[in-house]
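First up is the structure itself, then whatever we jot down about it.
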Amino acid sequence: MIEYRAYHKTRKGKPGSAGRAVRKKDKARAGERKPSRGRLRLIAWIAAGLLAVGSTGVACASAFSWLTRSPLFAVRTVDMNRCANVSLEEVWAIVRGDGSGILWSVPSKEIARRLSGHPWVRSVSVRKSFPDRLVVRIQERTPVAMVNLDVLHYLDEDGRPFKRLTAYDPKNLAIVTGFSREELLRKDPVTVRNLRKTLDLLRGVEAGSLRQNVSEIHFDAQDGYTVVTRNAGLQLKVGTMDVKDAIRRIETAMPRISGMPRATGIADLKTEGRVFMRPGE
């Protein structure tokens, strides 16, 4: 009995079992091949994407090169507002010196910065208008007086000295005195405040009876304001009172002073309702 069982265990399997084993192996091999095909498809898609990106990059680089070199975008016009003291030639000199002349590469911020260094420029904006135009808008400073800082300088409406006068600059503005060069250059707060008040006084009296007739306004920390007229050199002393009160007193006193036989020297207006005349110092 033992030999019989051993004999049957070593016998070949049933008919058809070998075929089933072969089919199982084929299925297993087929299952192994499917992931390989998926990887090939993925690699193909990645390669196609890289090729498309590379082609796009080359196209963009070529387009950029053309844009930055094409004479179609060369700056041909500077559209600038009318200015009294800043010329179109000065702006063109900066534009030509700061780039290749192609609008794409023109450094508009740098041009604006350099124009801001011009003594007459208060504010400036520069923008590009394609294909070939640069738009420049400048706001100039307005001189309201002159100040003596070793040499004469123009003062703008904010009380800033902004330009040293040359022999060719008009000198028909009133001069402000009593302020030191050192204090103004370091922008001492008290000095700046007093200078602005002095300019307020100047604007006030020039808008009234002393129109075009102010030669000088002197400020002294102790003695206050003194307004000097052009025609007779009359000194109107108003002291340290408020600027509005000083303007009102000058406006009230000028008709009386003009009627005097000799309206020269010093007119002391520090006392309300009174005009004290005395010879000049």
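The values are calculated or read from the model by the stated rules, or taken from the named source; none is laboratory data. No experiment lies behind these values; they were computed from the predicted model shown. Don't worry about glycine lacking a Cβ; one is built from the backbone with ideal geometry, like all the others, and counts go over all protein chains shown. With ligands, DNA and RNA removed, areas are computed over all heavy atoms of the protein, side chains included. Shrake-Rupley method; radii C 1.70, N 1.55, O 1.52, S 1.80 Å.
Scanning segment 142-159 for residues being under 17 Å from Asp200 (Cβ atoms) and surrounded by fewer than 18 Cβ atoms within 10 Å (Cβ to Cβ) gives a total of 3.
If I go through segment 170-184 residue by residue, how many of them are assigned to a loop (DSSP other than H, G, I, E, B) and open to solvent by 30 Å² or more (accessible area, probe 1.4 Å)? Selection size over segment 170-184: 6. When restricted to residues that are modelled with pLDDT under 95 and charged (D, E, K, R), segment 71-88 contains 1. None of Arg193, Arg203 is within 37 Å of the chain's Cα centre (by Cα), free of Cβ contacts under 8 Å to residues at least 12 places away in the same chain and in a helix (DSSP H, G or I) except Arg193.
Pairing residues of segment 169-188 that are under 14 Å from Val228 (Cα atoms) with residues that are open to solvent by 50 Å² or more (accessible area, probe 1.4 Å) and in a helix (DSSP H, G or I), at Cβ distances under 9 Å and at least 6 apart in sequence or on separate chains, gives Ala174/Glu206.
When Val214, Val238, Val243, Val275 are checked against the criterion of being over 17 Å from Asn148 (Cβ atoms), under 39 Å from the mean Cα position of the chain (by Cα) and not acidic (Asp, Glu), Val243 stands alone in meeting it.
Counting the residues of segment 97-123 that are in a loop (DSSP other than H, G, I, E, B), free of Cβ contacts under 8 Å to residues at least 40 places away in the same chain and open to solvent by less than 30 Å² (accessible area, probe 1.4 Å) gives 2. Could you count how many residues in segment 207-230 are among the charged types (D, E, K, R), within 20 Å of Leu152 (Cα to Cα) and in a loop (DSSP other than H, G, I, E, B)? Result for segment 207-230: 1. Being in contact (Cβ under 8 Å) with a residue 40 or more places away in the chain and hydrophobic (A, V, I, L, M, F, W, C) holds for only one residue in Val126, Val91, and it is Val91.
Residue-by-condition table, conditions (1) among the hydroxyl-bearing types (Ser, Thr, Tyr); (2) modelled with pLDDT of 95 or more:
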| position | (1), (2) |
| --- | --- |
| Arg69 | no, no |
| Val95 | no, no |
| Leu103 | no, no |
| Ser125 | yes, yes |
| Phe130 | no, no |
| Pro143 | no, yes |
